[in-house]
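Everything on this sheet refers to the single structure shown next.
The values are calculated or read from the model by the stated rules, or taken from the named source; none is laboratory data. Note that the structure is predicted; figures quoted are calculated from it, not measured. Positions of Cβ are backbone-derived with ideal geometry, glycine not excepted, and every protein chain shown enters the neighbour counts.
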Amino acid sequence: MALWRKGLVVGVAVAAGIALVGSPAGAAPKKRPALPGDVNGDGRADVIAGAPLLKAGGKTDAGAVVVWFGGTKVSAKARIAISSKPVAKENLGQVVATADFDRDGHADVLASARKRIVVFRGSATGLRFSKSFAWPVTNAPMQAADFNGDGYGDAVVQGNKEIVVFKGGNKGLTKSATLKNGAAKFGAVLAVGDVTGDRRPDLVATNFRPAYPEPTGPQRVTVIPGNAKGLAMARAWSFEPARRDIVDVVAGDLTGDGKADLALATGEGGVLVQKSSGSGFGTPQTLAFDYYPANLAAGDVTGDGRADLVVHVSADNHDWAELYSGTATGVTKKASRKYDRENYETLFGRAMWMANVAGDAKVDFIAGMPGVYGIGEIHVLPKGSYTGLQRLKLGSRASDGVGSSLP
Ligand SMILES: [Ca+2]
Ligand SMILES: [Ca+2]
Ligand SMILES: [Ca+2]
Ligand SMILES: [Ca+2]
């Protein structure tokens, strides 16, 4: 699921930087690409969520992708986009990723389903089905960013023993390359951030995601740098982390030096924070938890130029999230904020996204709350605070799966 994800502060900065580079000499000036998540193109990220259990076109659990437009107050109007041919039990929207693939000023969305991936085009009024690709992996992990820096958003999706790279262009996404390292589940966890510090987003991929009780191993984390020629294993480097039970990875500039650092969530109660040197990582800082850190997000909610780390902690019937502020060397030893108000059987934090939906200087924390028996809410915490908390949902329906996936 898209439980794993995203240092969006870095992504936003990179996109803005690239826009200034402009078009190649002689080419017609192109529109400025939309910021990730900005479907309606007003400069603010919109709340995008999968609704994998939604009935669509009369088909049970066909799934859909929903968008609520951003603003100082996020619009309560849910705009639902479904596949052109909904399929029962396809669960479209289990994983979602966003970038402006065709550079028309509206962010687009790529979504995973059962043995299929689907592209939706952004517009002033919401998302519309564009095209789909048959896919060997169900609920394939994916990420989107402008990896080659041409202004068109690109995407990567886990395939069969490889990561498939799609290049953005005038007509949207086209398959352009594959990345392999011999691991059967290469790309099982994917993250994006500018690890190298050249203002181009880089891809981070693990060899597998552990299946309990016995994780296979050893784990390997690979950084594939963004490059004008596209993503290629020839430029990749990798390391073996201290743990093999890595369940999620996020890349974000926690230390504020312009290079995205990594945080790795491990299944047995620890998070490893690895400061990027631009071409490697030092000794990790370890955060210990009594329960299971399940997924991570990173973004600068405090506005101090350092991304903050959010950890979703899962304990039996309880779920909550904790925020660790970025510091010069990693993150604070203790949580500086705790999001635990509605923690019983809510699955709060099952999906998390840091995005600037208000369009101000600070990043907002978006958290999914699907519920064990169905709640179907997205919580918008402005600047990562309960003050001004907004709840988004699809009418009174609660069995739609909303809250289980965010970009
Ligand atoms: Ca918007
Ligand atoms: Ca677009
Ligand atoms: Ca591109
Ligand atoms: Ca880079």
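In this structure, Gly70 does not qualify as within 12 Å of ligand 1 (Cβ to nearest atom), modelled with pLDDT of 95 or more and surrounded by fewer than 17 Cβ atoms within 10 Å (Cβ to Cβ).
Does the stretch 131-158 hold any residues that are in a loop (DSSP other than H, G, I, E, B) and either within 16 Å of ligand 2 (Cβ to nearest atom) or touching a strand residue (DSSP E or B) at 6+ places or on another chain (Cβ under 7 Å) (or both), and which are they?
The answer is Trp135, Val137, Asn139, Ala140, Pro141, Asp146, Phe147, Asn148, Asp150, Gly151, Tyr152, Gly153.
All of Glu342, Glu322 fail the test of being acidic (Asp, Glu), assigned to a loop (DSSP other than H, G, I, E, B), surrounded by 15 or more Cβ atoms within 10 Å (Cβ to Cβ) and touching a strand residue (DSSP E or B) at 6+ places or on another chain (Cβ under 9 Å), apart from Glu342. Scoring Pro210 on the criteria (1) buried (at least 19 other Cβ atoms within 10 Å of the Cβ); (2) at pLDDT 95 or above; (3) within 22 Å of Arg114 (Cα to Cα) leaves a single failure, condition (2).
Looking across the stretch 129-156, the residues that are more than 16 Å from ligand 4 (Cβ to nearest atom), within 16 Å of Asp100 (Cα to Cα) and either at pLDDT below 95 or hydrophobic (A, V, I, L, M, F, W, C) (or both) come down to Phe129, Met142, Ala155. In the stretch 193-305, counting only strands (runs of 3 or more DSSP E) that sit wholly within it, the ones holding 3 or more residues that are within 30 Å of Ser176 (Cβ to Cβ) span 202-206, 221-224, 237-239, 246-252, 261-266, 292-299.
Based on this model, can you work out whether Phe120 counts as crowded, with 24+ Cβ neighbours inside 10 Å, at pLDDT 95 or above, within 16 Å of ligand 1 (Cβ to nearest atom) and farther than 18 Å from Lys31 by Cβ? The answer is yes for Phe120. Applying the criterion of being among the hydroxyl-bearing types (Ser, Thr, Tyr) and more than 10 Å from ligand 2 (Cβ to nearest atom) to the residues of the stretch 91-130, the residue that is nearest to Ala56 (Cα to Cα) is Ser112.
Sub-7 Å Cβ pairs linking a first residue in the stretch 333-349 that is without any contact (Cβ under 8 Å) to a residue 40 or more places away in the chain and hydroxyl-bearing (Ser, Thr, Tyr) to a second residue that is crowded, with 19+ Cβ neighbours inside 10 Å and assigned to a strand (DSSP E or B), at least 6 apart or interchain, are Ser336/Leu323; Ser336/Tyr324; Thr346/Asp319; Thr346/Met369, ordered by first then second residue.
Specify the residue that is surrounded by the fewest Cβ atoms within 10 Å (Cβ to Cβ); the eligible residues are those in the stretch 170-192 that are in contact (Cβ under 8 Å) with a residue 40 or more places away in the chain and more than 16 Å from ligand 3 (Cβ to nearest atom). The qualifying residue surrounded by the fewest Cβ atoms within 10 Å (Cβ to Cβ) is Lys180.
Within the stretch 125-143, if we keep just the residues that are under 29 Å from Lys77 (Cα atoms) and buried (at least 20 other Cβ atoms within 10 Å of the Cβ), the residue that is nearest to ligand 3 (Cβ to nearest atom) turns out to be Gln143. Ser112 - would you say it is in contact with a Phe, Trp or Tyr (Cβ under 6 Å, 6 or more places away or on another chain) and either hydroxyl-bearing (Ser, Thr, Tyr) or in contact (Cβ under 8 Å) with a residue 60 or more places away in the chain (or both)? Criteria not met by Ser112. Does the stretch 227-244 contain any residue that is touching a helix residue (DSSP H, G or I) at 6+ places or on another chain (Cβ under 9 Å) and touching a residue at least 40 places away in the same chain (Cβ under 8 Å)? Yes: the stretch 227-244 contains one or more residues that are touching a helix residue (DSSP H, G or I) at 6+ places or on another chain (Cβ under 9 Å) and touching a residue at least 40 places away in the same chain (Cβ under 8 Å). The residues on offer are Asp154, Asp146, Asp150, and the sole one that is surrounded by 23 or more Cβ atoms within 10 Å (Cβ to Cβ) and touching a helix residue (DSSP H, G or I) at 6+ places or on another chain (Cβ under 9 Å) is Asp146. Take the conditions (1) buried (at least 24 other Cβ atoms within 10 Å of the Cβ); (2) more than 15 Å from ligand 2 (Cβ to nearest atom); (3) assigned to a loop (DSSP other than H, G, I, E, B); Lys161 misses just one of them, which is (1). Out of all the residues in the stretch 176-188, is one or more modelled with pLDDT of 95 or more, farther than 21 Å from Phe239 by Cα and either small (Gly, Ala, Ser) or away from ligand 1 (no atom under 16 Å from the Cβ) (or both)? For the stretch 176-188, residues modelled with pLDDT of 95 or more, farther than 21 Å from Phe239 by Cα and either small (Gly, Ala, Ser) or away from ligand 1 (no atom under 16 Å from the Cβ) (or both): present.
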